[in-house]
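**Student:** Handing you a structure now.
Where a number appears in this text, it was derived from the coordinates with a stated rule and is not lab data. The structure presented is a predicted model; accordingly, all values stated were derived computationally and were not measured. Every residue, glycine among them, receives a Cβ derived from its backbone with ideal geometry; neighbour counts consider all protein chains shown.
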Amino acid sequence: MILNGVEIRDSFAEAFPMVGTRLIITADSAKWAMIAAKTMTGFATSVIGCGCEAGVERVVPESETPDGRPGVAVLIFAMDIKGLKSVVPNRIGQCVLTSPTSACYAGMEGGESISIGKALKYFADGWQISKMVGGKRIWRLPVMEGEFVCDHDTGSVSGVGGGNILILATSRGEALAAAEAAVENMSKVEGCIMPFPGGVVRSGSKVGSKYKGMFASTNNFYCPTLRAQTDSHLPPEVASVMEIVIDGVSFDAVAACTKAGIEAVVALGRDKGVVAIDAGNYGGDLGPFHFKLREIMA
Amino acid sequence: MSAVRITGGKVLDPANGEVGVARDVFIVDGRIASSDLADSATETIDAKGGIVMAGAIDIHSHIAGGKSNIARLLMVEEQRAIREPAGQFCACGGGLSTMTAHATGCRYVEMGYTAVFEPAVVAANARHMHVEMGDIPFLDTGGYLVLGNDDFLLDLIASGAGQQAVNDYVAWMLAATKCMAIKIVNPGGINAFKFNSRWMQLDEANPHYEITPRKILTTLIKAVTELGLAHPIHLHGCNLGVPGNEDTTLETIAATEGMPLHMTHVQFHSYGTEGDRKFSSGAVKIAEAVNKNPNISIDVGQIMFGQTVTASADLMSQHRNRGIATPKRWIGMDIEMDAACGIVPFAYKDKSFVNALQWAIGLELFLLVEDPWRIFLTTDHPNGAPFTTYPHLIRLLMDKPFRDEQFAKLPKSARKHSILGELKREYTLEEIAIVTRAAPAKILGFTDRGHLGAGAVGDVVIYRDDPDREAMFSRADYVLKDGQVVVKDGEIVGLTYGKTHSVAPDYDKSMDVKLDRWFDEAMGFKAKTFKLADHEIREGAGTVVHATARSA
Amino acid sequence: MSGIVLTPRASLESRVDLSGVLPGAGVDFARLPVFHGGRKVALGDLFTASGVDDGRMTIEGGDALLDSVGAGLAKGEIVVKGDVGSKLGFGMTGGMISVKGSAGAFAASEVSGGKIVIGGDVGEKLGAAGDGSRRGMSGGVVVVGGSAGARAGERLRGGVVMIEGDAAEEAATDLIAGTIAIAGKLGANAGRGMKRGTLLLRSPEGLCAGFGDAGVHDLVMLRVLVRRSQELAAFMGASVTGARRFAGDLYSGGKGEALIVAG
Amino acid sequence: MTEAVGGGVTHKDVVCPFCGLGCDDISLKVDGLSVEAGEGACGRAAALFRRSAAPAPSARVAGRDASIDEAVSAAADLLAGAASTAYAGFAADVNGVRSLIKLASKTGGSVDHYASAGLFRNLSTSQRKGWIATTLAEVRNRCDLFVVVGPDPSEAFHRLYTRVTPPTGRFVEGRRKVVFLGGEPSAEARQQLVGLDVETIEVREGGLVDALSRLNTLVSGGSTPPVEPDLAPLAEALKSAKYGVLAWNAAALGADGDLVVERAAAVVDMLNVTTRAACLPLAGRDNLIGANQTFLWNIGFPIRTAFRSGQATHDQALNRTGAALESADLMVWTSAFRPERPPGFEGKVVAIAHPDTTFESEPDVFIPVGQPGLDHRGLAFRTDTVVSIPLGKHRDSGLASVADVAKRILERLP
């Protein structure tokens, strides 16, 4: 399949189940809401090394937030519910509780509940206050600046982690420009995050390594400089590859996000140096979710 | 003359060696008669297909008194939820673990019980106990007087007044309170708690009197032996409910040196400390000791799962238990230089490791103690469970597949610590008749109860021979109390009241002088006010006084 | 409102306990046993029952002698077009009760869910713990259009109580948790023994001596409350951001609060 | 013990039934029908035991003298016709109470005792949370620090201190201390307290709840705002006492007395974590405690219970006499111990009462009854709920007992 001169390779992204949750972080200003959100989703690019994958999902307007202040929705994904229960309160405790004027609310209902305020209340050393109103419990933790307000818990969802696209381009600059365009378009899709820096990962990996103890290592098949030494998957004109990894609350969300990314890249076209769109997989036997690029773009 | 002939049933009367004998039973003027006395039976009861037994006797059930009233007060939810069934014989009472007097008599007699004994009469509360027992229909009753924490006694022992003085005091107290046996609850421990001790081991000295529980126990065992009381000391030992108390229980058995002792609710005293939760069954060791020591008898105090309330004179242990109260409320009282009480509502949960193991320990005891004449069927009502669970307990004892089925429902962690699954024994009907009738009568010294021989009281029960023993023992087809039919086809058909039993061994009248002074000085009122008069018992009927070796 | 309609046959002279008279049970209402004075009678002796039991029930007229109306209600709706007596909605877990007139003592006592709206006044111990119970109302919403008698919210454990009129003395005594908003005047000794929970008031006057002033604060929590409870939004205004905070009962080591908010 | 003297006999060691302390050293001089209390009787007991030589009044129906039979019949008719009966007064010995319970359960109606306000203030805590309580003799022998909470209970329990805090106690080392918190001893009490350390801690009017709250917080190791009175020394004294007792007369505590009781019990609960302490919750008179105990073992509920068609329901607010009378059409007033004046009532009234009872308006049926402990034997409970006291018969007045009258009415019911 070729769209606007860009080859959509007959490949698929192979993704795994993850469990995730959404939080709404508010603050007195949009600026501080974003600072809290960015901080709490920092160092959360890959479960391999970070224990979770997290990112800003969207900016939430005042009219939609639980306290009427500017807000940001974030999504956090982990490999299992136990992992999620551990990372979520930890991140809120270190990065939201500490962030000026912030408050933190459940961003989804249903599923297994993930303690947030319930776990964080002990910081208040007995001075914590719980309120149960409208069927929901919320905690107030007195802090030096005033009070940190945080819902008791949030819901969770069985989501999809590791959706991806690979952008194969004729130069590093063109690859990055295409990736940026893709991320911008993908960010509009609700229910998804691109957890890597700026949404882009330049060091896509393969499973395993020659070194004992390494779970992942550089994806030499897509490294342009190794073309001569390895069974390269790259066409000769490709000089740089950027990957965008997608975690989402559902298969459909990840599929929509994938599509949005490809569309943005295709819009740039072959003229802007994009040669092909590919996706990372492991042969299809490991991850239950397969995002077939050509089906998505059909 | 009134005479009743029960015909067509199979008589199960282990005391007289009759096991399923097809014969008629005659009751003349309220007592069992030999056939030739009852030719002109005025009433014939067809017991065809039924099993005829003597009325059952419960030797340990907290049915009355101040602590029962406190329990009723605390368990208002239960009282609201469970009311006596409406009908001609309803008295507007209610409750299950806190059953009111009238309901207690009705529910017991429906199961075929005709005598129930209150095992913890605090002397100061004896008058209340008697007046309340007077409102329990159908049942013969009597109380065991709680001694062993009373300051007068501890002072007597500590001051070296001698065994004779103790004997005289015990006799004086029995006469004053019109009780029929002596109970000891946590010997010296309740008293020590008043001096702020929180634990009391068998050989630990009381903080004030400096005498040990062992000394109190052995002194009172001697006293009841020398006074000639039929029932041995009825002991609730030290360290109730404490993991590791199996050692205390074994030491206590050893301390008797062959003198008779009845140990009550032994399930609560058979705990080891093995396993990762430091709680394990001591039933094997305890049963072995009971088997080896013919001077020892026990009742079990089986627990059953569900809500109940624990009521005990042992405030020392109840204060420790206050944190596990369910619902969260409890009452304690220090009582009159005499004893105490602690009432803690509690729900035994089958999902709880400890509760599940307690359940198994009770059954292990039942199955491991070999001599049915020295073990009695109790739940320590209401402490382990309401007495209404007896039929279920009987089925657990008689029906191994049923028992295994119940056992399988318990947490694996608890089952791992119990040998219950390996115990193959099933109680026979005869053994049930022994543990619920013949043996209780014997251990209490009744020669005219617990059997169907000529001269015995006309307390007779006819059960339908139902293979489901729980159903069988839940409702008797017929119950006769003193020869009068009070239950027919499982329904109460008439209201009667039983008698109160007591003993009155003689004592040296110099004890009167000592106690007059004690009451004047320590108690602040008069000994003669303390003493119950005959006219106070059952509206003037007085008690049935049983002979003792020294009685006048 | 249709459903079952109960119309009194005559004015009542003795108290009537309507425990067990609940919509949605699919029973013959006329034959339901109820306590009347010292006797048990059939509901049909006192009321005519008409209509279809579709989960709703209307009591025409109403009477201050009608006790335990809606006690134990779990679902459905009850409307009383007049007054009720003691224990309105006692132990209710869900559903809706609306009383046009006034209610007696122990209204909404031990309620754990659902909503009760009372147009008029209520007697003492609104939402309080009943005899022998440790805890009062633990969830749900109660709105009182008029004033409340003494000890409103005693031992309240949760839920939202909204009193549009005054609250008599000793409101929120030994309050454990939950929220009481009082638009009118507060009687003496409010909040004694308050452990936790929130009083929303117009003025601190009436608070017991054990409350300490913590000053005026911007409280993000208020913005959340008005978005989660229409009753509290009506009380505080949707744009509320701050309140003067009093903490108490400090005499008993309590960590409750009284927030003084403008109307 | 009975001695003949002059124109009568003197009964010694008579047990007094009134306040619930159960003093048993009263002497009564009985001459025919006249009774005069001598030694041992406190002022109130002397007044209540006193009888003139005049014979008791006859039973009355609608104000006219009637035989007991006629009065019993009239009472039975009224009961049978009543829609809603309030059994009020309810002051009788245990047998009287038993019979009244049977009557009430048969006829339907609510039950309350006229002196029950204090009992229910105590139950508000004991039933809800529980407490650790004690009895008179324990206090007498062990208590080294006796804290009187609120008004001096000896106003109602006259010989209280003589009974529970004599100068020496068997296990009390040193001088016993009595602290009055928010009350002060009467002149009579001061005489009983000679030889003891007596301290009074003043509490502002209506401030007892707050004071007890603060005491509880201090005993629990918390802090409270520093307001007068300074209760830290009392908290420390209680913590270092061997057997501290907090005593109160709940009937004298006022409308927020339930809160006082709750906090006092909490203080005791906390003290027992490290030392020993107990409550001595006093309440009631005229066998209130016995009536409640008898109710508990027969019905399962405290008094303030209603019977309707053989079913008992317990509601402390609705079955309070005052509330019950608002919708009752018949009041059965029982008062055997003293001529307690019944509350005014618009409906019909059956009074089974002390011969000297006066009424706002003539009851429909009046049946005079004897006093337990004077005219007939009986049983009453002491105020500490554990001990019950046997009451004797000390004169032949011919007056029936409450039990007899209630039984006869029951038998006459249709």
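**Student:** Can you tell me, using C-alpha contacts under 8 Å and at least 6 residues apart, the relative contact order of region A:1-105 as a whole percent? Don't skip to the answer; put the middle values down first.
**Tutor:** On the way: 191 pairs, mean separation 35.9, N = 105.
So the answer I get is 34 percent.
**Student:** Under 1.5 on a/c is rounded, so check that first for region D:20-111, then, if it is not, pick prolate when a/b is larger than b/c and oblate when it is not; a ≥ b ≥ c are the square roots of the alpha carbon gyration tensor eigenvalues. Spell out each step's value before the answer.
**Tutor:** Values: a/c = 3.35, a/b = 1.66, b/c = 2.03.
Cα axes put region D:20-111 in the oblate bin.
**Student:** For the protein assembly as shown, what proportion of DSSP beta bridges, expressed in % and rounded to the nearest 5, is antiparallel?
**Tutor:** Numbers: 152 of 277 bridges.
Rounded to the nearest five, the antiparallel share is 55 percent.
**Student:** Related question: Which residues make up the longest stretch of chain A that has no GluC sites (Glu not before Pro) in a DSSP loop with at most 13 other Cβ atoms within 10 Å? Let's see the in-between values first.
**Tutor:** Values: sites that count: A:E109, A:E145, A:E237.
No qualifying site falls inside A:1-108, the longest such stretch.
**Student:** Sticking with this one: Each label point is 7 Å from the Cα along the Cα-to-Cβ direction; what then is the distance between the points at D:S186 and D:R50, in nm?
**Tutor:** A separation of 1.6 nm, rounded to one decimal place.
**Student:** Give me the extension gain from B:D506 to B:N291: residue separation times 0.36 nm, minus the current Cα-Cα distance, reported in nm with one decimal. Don't skip to the end; give the middle numbers.
**Tutor:** Numbers: separation 215, 0.36 × 215 = 77.40 nm, distance 3.44 nm.
The B:D506-B:N291 span can extend by a further 74.0 nm.
**Student:** Residues of D:202-213, mean number of Cβ from any other protein chain within 10 Å of their own Cβ, rounded to a whole number?
**Tutor:** Working: counts 0, 0, 1, 0, 3, 2, 0, 10, 9, 1, 3, 10.
Counting other chains' Cβ atoms within 10 Å and averaging over D:202-213 gives 3.
**Student:** Still on this model: What percentages make up the Cα-Cα pair-distance distribution of region A:182-234 when the bins are 5 Å wide from 0?
**Tutor:** All Cα pairs, binned at 5 Å, distribute as 5, 17, 17, 17, 16, 15, 9, 4, 0 percent.
**Student:** Around A:P224, what is the net charge, scoring Lys/Arg as +1 and Asp/Glu as -1 over all other residues with Cβ under 15 Å from its Cβ? If you can, show how the numbers build up before the last one.
**Tutor:** Values: positive: A:R172, A:R202, A:R227; negative: A:E174, A:D231, A:E237, A:E243, A:D278.
In short, -2.
**Student:** Suppose every Lys and Arg Cβ carries +1 and every Asp and Glu Cβ carries -1, with no other charges. What dipole size does the protein assembly as shown come out with about its Cα centre, to the nearest 20 debye? Don't jump to the answer; show the numbers that get you there.
**Tutor:** Details: 152 positive and 173 negative charges, 435 e Å.
Rounded to the nearest 20 debye, it is 2080 debye.
**Student:** How are the alpha carbon pair distances in region D:229-294 distributed across 10 Å bins from zero to the largest one, expressed in percent?
**Tutor:** Taking all Cα pairs of region D:229-294, the binned fractions are 20, 41, 30, 9, 0 percent.
**Student:** Sticking with this one: What is the projected area of the convex hull of the Cα atoms of region B:88-190, averaged over all directions, in nm²? Display every interim value, and only then the final one.
**Tutor:** Numbers: hull surface 30.3 nm².
Result: 7.6 nm².
**Student:** What does the structure give for B:61-69 when I average, per residue, the other chain Cβ atoms found within 10 Å of the residue Cβ?
**Tutor:** Working: counts 0, 0, 1, 1, 3, 9, 1, 2, 9.
Other-chain Cβ atoms within 10 Å of each residue's Cβ, averaged: 3.
**Student:** If one takes the longest principal axis of the Cα atoms in chain D, at what angle in degrees, from 0 to 90 and to the nearest 10, does the Cα axis of helix D:288-299 lie?
**Tutor:** 70
**Student:** Which value, to two decimals, describes the C-alpha radius of gyration of the protein assembly as shown once divided by 2.2 N^0.38 Å? Working shown, then result.
**Tutor:** Values: Rg = 38.4 Å, N = 1527, 2.2 N^0.38 = 35.7 Å.
My calculation over the Cα atoms of the protein assembly as shown gives 1.08.
**Student:** Order of B:K416, B:K10, A:K210, B:K222 from fewest to most other C-beta atoms within 10 Å?
**Tutor:** The most exposed by this proxy come first: A:K210, B:K416, B:K222, B:K10.
**Student:** Could you calculate, for region D:119-282, the ratio of the Cα radius of gyration to the Kirkwood radius, expressed as Rg to Rh? List each step's numbers first, then the result.
**Tutor:** Values: Rg = 14.3 Å, Rh = 15.4 Å.
Dividing the radius of gyration by the Kirkwood radius yields 0.92.
**Student:** Are there chymotrypsin sites (Phe, Trp or Tyr not before Pro) in region C:3-88 that DSSP marks as loop and that have at most 12 other Cβ atoms within 10 Å, and which are they?
**Tutor:** Details: sites: C:F29, C:F35, C:F47; in loops: none.
Of the chymotrypsin sites (Phe, Trp or Tyr not before Pro), not one in the loops of region C:3-88 has a Cβ with at most 12 other Cβ atoms within 10 Å.
**Student:** What value, in deg cm²/dmol to 500, does the helix sum -39500 (n - 2.57) over DSSP H runs of n ≥ 4 give at 222 nm once divided by the residues of chain D?
**Tutor:** Numbers: 13 runs with 129 residues, N = 414.
When only DSSP H runs of four or more count, the value is -9000 deg cm²/dmol.
**Student:** Enumerate by residue number the GluC sites (Glu not before Pro) in region C:31-117 meeting two conditions: DSSP loop (anything except H, G, I, E, B), and at most 16 other Cβ atoms within 10 Å of the site's Cβ. Before the final figure, lay out the partial values.
**Tutor:** Working: sites: C:E60, C:E77, C:E110; in loops: C:E60, C:E110.
In loop regions of region C:31-117 (DSSP not H, G, I, E or B), the sparsely surrounded GluC sites (Glu not before Pro) are C:E60.
**Student:** Based on Cβ point charges of +1 for Lys and Arg and -1 for Asp and Glu, what charge dipole magnitude is obtained for chain B about its Cα centre, in debye rounded to the nearest 20?
**Tutor:** Values: 55 positive and 68 negative charges, 256 e Å.
Taking the Cα centre of chain B as origin, the dipole is about 1240 debye.
**Student:** Hey, what's the Kirkwood Rh for chain A if you take every pair of different alpha carbons, in angstrom? Please list the in-between numbers first.
**Tutor:** Values: mean 1/r = 0.0502 Å⁻¹.
About 19.9 Å for chain A.
**Student:** Kindly identify region B:56-444 as rounded, prolate or oblate by the Cα gyration tensor criterion: order the square roots of the eigenvalues as a ≥ b ≥ c, call it rounded if a/c is under 1.5, otherwise compare a/b with b/c, prolate if a/b is larger, else oblate.
**Tutor:** On the way: a/c = 1.38, a/b = 1.15, b/c = 1.20.
Rounded, because the longest to shortest axis ratio a/c is under 1.5.
**Student:** Then there is this: Mind listing which chymotrypsin sites (Phe, Trp or Tyr not before Pro) in region D:264-337 are in a DSSP loop and have 11 or fewer other Cβ atoms within 10 Å? Walk me through the numbers before you get to the answer.
**Tutor:** On the way: sites: D:F295, D:W297, D:F307, D:W333, D:F337; in loops: D:F337.
Filter output for region D:264-337: empty list.
**Student:** Regarding region A:153-208, what are the three Cα extents along the principal axes, ordered largest first, in Å?
**Tutor:** 46, 33, 15
**Student:** Right, next: Under the rule a/c < 1.5 gives rounded, and otherwise a/b versus b/c splits prolate from oblate, where does region A:19-157 land using the Cα gyration tensor? Walk me through the intermediate numbers first.
**Tutor:** Working: a/c = 1.41, a/b = 1.21, b/c = 1.16.
Cα axes put region A:19-157 in the rounded bin.
**Student:** Still on this model: Measure off 7 Å from each Cα along the Cα-to-Cβ vector at B:H535 and B:D516, then give the distance between these two points in nanometres to one decimal.
**Tutor:** Between B:H535 and B:D516, the simple spin-label model gives 2.2 nm.
**Student:** Can you compute log10 of I(q)/I(0) for region A:84-224 with the Debye formula, treating each Cα as one identical point scatterer, at q = 0.13, 0.19 Å⁻¹?
**Tutor:** -0.79, -1.09
**Student:** Over region A:130-266, calculate the relative contact order: mean separation of alpha carbon pairs under 8 Å at least 6 apart, over the residue count, as a percent. Walk me through the intermediate numbers first.
**Tutor:** Numbers: 237 pairs, mean separation 45.4, N = 137.
Relative contact order comes out at 33 percent.
**Student:** How far is helix A:81-91 tilted off the main Cα axis of chain A, in degrees rounded to 10, range 0 to 90?
**Tutor:** Compared with the principal axis, the helix lies near 70 degrees.
**Student:** State, as an integer percentage, the relative contact order of region A:62-118 based on alpha-carbon contacts under 8 Å between residues 6 or more apart.
**Tutor:** On the way: 27 pairs, mean separation 17.3, N = 57.
Reported relative contact order: 30 percent.
**Student:** Using only DSSP helix segments of four residues or longer, with each worth -39500 (n - 2.57), what per-residue ellipticity at 222 nm results for chain B after dividing by its residue count and rounding to 500?
**Tutor:** Numbers: 20 runs with 173 residues, N = 552.
Mean residue ellipticity at 222 nm (helix-derived): -8500 deg cm²/dmol.
**Student:** Applying 1/(1 + (r/R0)^6) with R0 = 45 Å to the Cβ-Cβ distance of B:M259 and B:T42, what FRET efficiency is obtained, to the nearest 0.05?
**Tutor:** Values: r = 48 Å, r/R0 = 1.07.
The computed FRET efficiency comes out at 0.40.
**Student:** May I pose another question? Calculated FRET efficiency, A:Y211 and A:K188, Cβ-Cβ r, R0 41 Å, to nearest 0.05? Walk me through the numbers before you get to the answer.
**Tutor:** Values: r = 40 Å, r/R0 = 0.98.
Efficiency for this residue pair is about 0.55.
**Student:** Here is a follow-up. Run the quick spin-label model on C:S112 and B:V21: label points 7 Å from Cα toward the beta carbon, then report their separation in nm to one decimal.
**Tutor:** In this crude spin-label approximation the distance works out to 5.8 nm.
**Student:** If you count, for every residue in A:78-86, the Cβ atoms of partner chains within 10 Å of its Cβ, what is the mean?
**Tutor:** Details: counts 0, 0, 0, 0, 0, 0, 0, 0, 0.
Taking the mean over all residues of the peptide, I get 0.
**Student:** Taking amide H positions as placed 1.01 Å from N in the peptide plane, with prolines and chain starts having none, which residues 5 or more places from B:I233, or on another chain, fall under 5 Å of its amide H?
**Tutor:** Here the answer is B:H262, since their amide H atoms fall under 5 Å of that of B:I233.
**Student:** Show me, for region B:428-436, the HN-Hα J-couplings you get by feeding each phi into the Karplus relation (A = 6.51, B = -1.76, C = 1.60, θ = phi - 60°), rounded to Hz, glycine and proline as x.
**Tutor:** After applying 6.51 cos²θ - 1.76 cosθ + 1.60, I find 7, 4, 4, 5, 4, 4, 5, 6, 9 Hz.
**Student:** Output the Kirkwood hydrodynamic radius of region C:68-260, Cα pairs only, in Å rounded to one decimal.
**Tutor:** Numbers: mean 1/r = 0.0630 Å⁻¹.
Result for region C:68-260 stands at 15.9 Å.
**Student:** With runs of 4+ DSSP H residues as the only contributors, calculate the mean residue ellipticity of chain A at 222 nm using -39,500 (n - 2.57) per run, divided by the residue total and rounded to the nearest 500. Walk me through the intermediate numbers first.
**Tutor:** Working: 7 runs with 67 residues, N = 298.
Taken over chain A, the calculation gives -6500 deg cm²/dmol.
**Student:** Among B:K409, C:K115, A:K292, rank each residue by its count of other Cβ atoms within 10 Å, from fewest to most, as a rough exposure measure. Numbers along the way, then the final one.
**Tutor:** On the way: B:K409 11, C:K115 21, A:K292 17.
Taking fewest neighbouring Cβ atoms as first place, the list is B:K409, A:K292, C:K115.
**Student:** Name the residues whose placed amide hydrogens come within less than 5 Å of the amide hydrogen of C:M194, ignoring near sequence neighbours (fewer than 5 apart) on the same chain.
**Tutor:** C:D174, C:L175, C:D249
**Student:** Do the alpha carbons of any pairs in C:K87/D:K407; A:K31/A:K188; B:K416/D:K129; B:K48/B:K481; B:K67/D:K348; C:K75/C:K195 sit beyond 28 Å of each other, and which pairs? Show your work: numbers first, answer last.
**Tutor:** Numbers: C:K87/D:K407 35 Å; A:K31/A:K188 19 Å; B:K416/D:K129 38 Å; B:K48/B:K481 20 Å; B:K67/D:K348 39 Å; C:K75/C:K195 31 Å.
Violating the 28 Å limit, Cα to Cα: C:K87/D:K407; B:K416/D:K129; B:K67/D:K348; C:K75/C:K195.
**Student:** Where both partners of a DSSP beta bridge lie in region B:443-552, what percent of those bridges are antiparallel, to the nearest 5? All intermediate terms of the calculation are to be shown ahead of the outcome.
**Tutor:** Numbers: 9 of 12 bridges.
The antiparallel proportion sits near 75 percent.
**Student:** Hey, with R₀ at 45 Å, roughly what FRET efficiency would A:V59 and A:T218 work out to, going by the Cβ-Cβ distance, to 0.05?
**Tutor:** On the way: r = 35 Å, r/R0 = 0.77.
Efficiency, from the Cβ-Cβ distance: 0.85.
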